[in-house]
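The values are calculated or read from the model by the stated rules, or taken from the named source; none is laboratory data. Since this is a predicted model, take the numbers as computed values, not measurements. All Cβ positions, even for glycine, are placed from backbone atoms using ideal geometry, and neighbour counts span all protein chains on display. The accessibility values were calculated without ligands, DNA or RNA, using every heavy atom of the protein model including side chains. Shrake-Rupley method; radii C 1.70, N 1.55, O 1.52, S 1.80 Å.
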Amino acid sequence: MEKDDQFSFIPYRGIHYPKAEMLQRSREFYQFMNKRRTVREFSDKPIPEEIIENILLTASTAPSGAHKQPWTFCVVTDPALKKAIREAAEKEEYENYHGRMSEEWIEDLKPFGTDWKKPFLETAPYLIVIFKKAYDLVNGEKRKNYYVSESVGLAAGFLLTAIHYAGLIALTHTPSPMNFLQEILKRPENERPFLLIPVGYPADEAEVPNIERKVLERFVVYYRGEKK
Ligand code: IYR
């Protein structure tokens, strides 16, 4: 490695578990994550802000290109803003469901029972709107960011994991196009909307689609080399 003297390094203290414990932890974590579901029916029950803060801190532990952390998380609880976001999203979605999406796309969405109406944008106590920073602005000067979508996608994954771990639900929502988020939330020109994530508790009568995940063999290819 090429370590520049200008920059310091600190020892990495790994976390060590006995093999049996690793096996158990990995199995249990999979079983836990396998219970995560995207839920579209929210309760309006409030969530303590500190829980949201911890979830956001977890998201910020994601790796990012050159550690630029090219993301902004907008946390929306203002009812007026939620209403504005709902109205703008529904306007776009109405167009999507009435001609803008292909027949194949509409067909692919049938198992999920979605339509242009997005009441959860007002019901959910929190809307987390993730923006990706195409570049940074430092005193008005442009600074490059790297692998922006990959980095912000990873942070979003960490966020969803933390939401699930806290016992809350989320919906990964992608209204399209979603430039309206930039306008409503008055974000600077270097930020682009990435995902809109309502967070909350499920409604009492919430249902989710009866769908299954691919089995390992259908999404993993091993390259094990010669047997020794
Ligand atoms: N953005 C639309 C349509 C939609 C698209 C996909 I791909 C989904 O997985 C779900 C919905 C909507 O939010 O309804």
**Fill in**
Checking Tyr135, Tyr147 in turn, the sole residue that is in contact with a Gly (Cβ under 6 Å, 6 or more places away or on another chain), touching a residue at least 40 places away in the same chain (Cβ under 8 Å), over 21 Å from Ile52 (Cβ atoms) and aromatic (Phe, Trp, Tyr) turns out to be Tyr147
**Request:** Identify, from the list Leu196, Leu181, the residue that is touching a Cys at 6+ places or on another chain (Cβ under 9 Å), within 20 Å of Tyr94 (Cα to Cα) and modelled with pLDDT of 95 or more.
**Result:** Leu181
**Message:** Between a residue in the range 150-168 that is under 14 Å from Pro198 (Cα atoms) and any residue that is of a type in the set (Phe, Trp, Tyr) and surrounded by fewer than 19 Cβ atoms within 10 Å (Cβ to Cβ), which pairs come within a Cβ distance under 7 Å, given they are 6 or more apart or on different chains?
**Reply:** Leu168/Tyr201
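Provide a single number: the residues in the range 191-228 that are part of a loop (DSSP other than H, G, I, E, B) and either touching a Pro at 6+ places or on another chain (Cβ under 9 Å) or of a type in the set (A, V, I, L, M) (or both).
Just the residues of the range 191-228 that are part of a loop (DSSP other than H, G, I, E, B), to begin with: 201, 203-215, 219-228.
Cutting the leftovers down to either touching a Pro at 6+ places or on another chain (Cβ under 9 Å) or of a type in the set (A, V, I, L, M) (or both) gives us 201, 203, 206, 208-211, 215, 220-221.
Qualifying residue count for the region: 10.
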**Prompt:** If we scan the range 64-71, do we find a residue that is on the phi > 0 side of the Ramachandran plot and crowded, with 16+ Cβ neighbours inside 10 Å?
**Reply:** yes
**Request:** Taking the options Ala89, Ala162, name whichever one is out of contact with any Cys (no Cβ under 6 Å at 6 or more places or on another chain) and closer than 19 Å to Phe180 by Cβ.
**Result:** Ala89
**Request:** Consider only pairs whose beta carbons are under 8 Å apart and that are at least six residues apart or on different chains; among these, list those whose first residue lies in the range 1-29 and is without any contact (Cβ under 8 Å) to a residue 12 or more places away in the chain and whose second residue is surrounded by 10 or more Cβ atoms within 10 Å (Cβ to Cβ) and assigned to a helix (DSSP H, G or I).
**Result:** Tyr17/Arg25
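Per-residue answers, yes or no, for (1) within 16 Å of the ligand (Cβ to nearest atom); (2) out of contact with any helix residue (DSSP H, G or I) (no Cβ under 8 Å at 6 or more places or on another chain); (3) of a type in the set (Phe, Trp, Tyr):
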| position | (1), (2), (3) |
| --- | --- |
| Ala134 | no, no, no |
| Arg143 | no, yes, no |
| Leu160 | yes, yes, no |
| Thr172 | yes, no, no |
| Asn190 | no, yes, no |
| Gly200 | no, no, no |
| Val208 | yes, yes, no |
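State which residue is nearest to the ligand (Cβ to nearest atom) when the search covers only the range 73-127 and only residues that are β-branched (Val, Ile, Thr) and out of contact with any Ser or Thr (no Cβ under 9 Å at 6 or more places or on another chain).
Our first condition is that a residue be β-branched (Val, Ile, Thr); within the range 73-127, this holds for 75-77, 85, 106, 114, 123.
Among the residues that remain, those that are also out of contact with any Ser or Thr (no Cβ under 9 Å at 6 or more places or on another chain) are: 75-77, 85, 106, 114.
On the way: Val75: 21, Val76: 17, Thr77: 21, Ile85: 13, Ile106: 9, Thr114: 4 Å.
Applying the filter and picking the extreme gives Thr114.
Quick grid of which residues meet (1) at negative phi; (2) open to solvent by 60 Å² or more (accessible area, probe 1.4 Å); (3) modelled with pLDDT of 95 or more:
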residue: Gly113; (1), (2), (3): no, yes, no
residue: Val129; (1), (2), (3): yes, no, yes
residue: Leu159; (1), (2), (3): yes, no, yes
residue: Pro177; (1), (2), (3): yes, no, no
residue: Asn190; (1), (2), (3): yes, no, yes
residue: Asn210; (1), (2), (3): yes, yes, yes
**Request:** Go through the residues of the range 12-23 one by one and say whether even a single one is within 26 Å of Ala203 (Cα to Cα) and β-branched (Val, Ile, Thr).
**Result:** no
**Message:** Just the residues that are open to solvent by 100 Å² or more (accessible area, probe 1.4 Å), within 30 Å of Gly113 (Cα to Cα) and assigned to a helix (DSSP H, G or I), please, taken from the range 1-46.
**Reply:** Phe29, Tyr30
